[in-house]
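The values are calculated or read from the model by the stated rules, or taken from the named source; none is laboratory data. Note that this is a predicted model, so its numbers are computed, not measured. Cβ: placed from backbone, ideal geometry, glycine included. Neighbour counts: every protein chain shown. These accessible areas exclude ligands, DNA and RNA; they are computed on the full protein's heavy atoms, side chains included. Shrake-Rupley method; radii C 1.70, N 1.55, O 1.52, S 1.80 Å.
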Amino acid sequence: MFTGTIAGLNLYTFNFIGKPEVQAGMMAQEVFEVYPEFVHVGSDDPQTDPWTIDYEGVKSIIGEFSTGVK
């Protein structure tokens, strides 16, 4: 479910199939369009090699965006 944006990135809440816990995050493909350096591009088989996000890198961008520091 779409919940908003920050630093030009969409935020979502979701739960994995079969898991009741709600997670918050971003779609790696969308992050890749803006900040490709923070995304590992997976293979055609997401079960063995999924796209993943370096959230530490993304947090640094969000921190710069929220404080106005570049």
Q) Only one residue in 30, 64, 37 is under 13 Å from the mean Cα position of the chain (by Cα), surrounded by 12 or more Cβ atoms within 10 Å (Cβ to Cβ) and either assigned to a helix (DSSP H, G or I) or not aromatic (Phe, Trp, Tyr) (or both). Which one? A) 30
Q. Can you tell me how many residues in segment 7-18 are part of a strand (DSSP E or B) and in contact with a Phe, Trp or Tyr (Cβ under 7 Å, 6 or more places away or on another chain)?
A. 2
Q | Residues located in segment 1-46, provided they are of a type in the set (Gly, Ala, Ser) and closer than 24 Å to residue 60 by Cα | A | 4, 7, 8, 24, 25, 28, 42
Q: Answer with yes or no whether residue 15 is surrounded by 10 or more Cβ atoms within 10 Å (Cβ to Cβ) and either among the small types (Gly, Ala, Ser) or in contact with a helix residue (DSSP H, G or I) (Cβ under 7 Å, 6 or more places away or on another chain) (or both).
A: no
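Have a look at 21, 56 and point out the one that is of a type in the set (Asp, Glu), assigned to a loop (DSSP other than H, G, I, E, B) and open to solvent by 80 Å² or more (accessible area, probe 1.4 Å).
One residue alone meets the criteria, 21.
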**Q.** Qualifying residues in segment 40-53 (those that are touching a strand residue (DSSP E or B) at 6+ places or on another chain (Cβ under 8 Å) and more than 20 Å from residue 2 (Cβ to Cβ)) - the one most open to solvent (accessible area, probe 1.4 Å)
**A.** 40
